[in-house]
Amino acid sequence: QVQLVESGGGLVQPGGSLRLSCAASGFTFSRYVMSWYRQAPGKERELVAAITATGSTNYAGSVKGRFTISRDNAKNTVYLQMNSLKPEDTGVYYCNANYGVFRHWGQGTQVTVSS
């Protein structure tokens, strides 16, 4: 069955870095647009970054220049490198896979930026 398993979240101080990973299985990973979303307490889920099957990327304005999304089709994994983290980056980060009408979500990983 389809699985998206996120890892790499945790507690980090402002200005620090984290690298999230999302391991995918159960579908043809290379065909899918892969994205990272996040949801802060009391807020709606928002798109953070996306990468197409051909490697084109898109970022939310609030993370542009600080976050980098990448994918390794040989490992069926998508990554989110997060640098210069801010307290407002705190939230649950979700991995998403999308291909036409097919859409899959991971369970999420908590990222907390706090001193």
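Before moving on, here are some points about what is shown:
- Loop sites in the stretch 59-115: trypsin sites (Lys or Arg not before Pro), DSSP, at most 13 other Cβ within 10 Å: 64, 75
- Accessible area of residue 46 in the full protein assembly, 1.4 Å probe (Å², nearest 10): 80 Å²
- Contour minus Cα-Cα distance for residue 115 and residue 73 (0.36 nm per residue): 11.5 nm
- Ligands, DNA and RNA left out, the accessible area of the chain computed with a 1.4 Å probe is 47% carbon and sulfur.
- A crude spin-label estimate for the pair residue 44 and residue 105, with each label 7 Å from Cα along the Cβ direction, gives 1.4 nm.
- Diffusion coefficient of the stretch 76-115 by Stokes-Einstein, Kirkwood radius over Cα pairs, 4 °C, 1.567 mPa s: 108 µm²/s.
- In order along the stretch 44-57, the phi-based Karplus estimate (6.51 cos²θ - 1.76 cosθ + 1.60, θ = phi - 60°) of 3J(HN,Hα) comes to 7, 5, 10, 6, 9, 7, 9, 9, 7, 4, 8, x, 6, 10 Hz; Gly and Pro are listed as x.
- Between the stretch 92-109 and the stretch 24-49, the alpha-carbon center distance in angstrom: 4 Å
- Annotation: amide H-H contacts under 5 Å for residue 16 (H modelled 1.01 Å from N, sequence separation of 5 or more, or interchain): 85.
- The chain: most fluctuating residue of 26, 16, 55 per GNM, C-alpha cutoff 10 Å: 26
- Stretched out straight at 0.36 nm per residue, the stretch from residue 83 to residue 13 would grow longer than its current Cα-Cα span by 24.1 nm.
The values are calculated or read from the model by the stated rules, or taken from the named source; none is laboratory data. Since we're looking at a predicted model, the values are computed, not measured. Please note: Cβ atoms are built from the backbone with ideal geometry, for glycine as well, and neighbour counts cover all protein chains shown. The accessibility values were calculated without ligands, DNA or RNA, using every heavy atom of the protein model including side chains. Shrake-Rupley method; radii C 1.70, N 1.55, O 1.52, S 1.80 Å.
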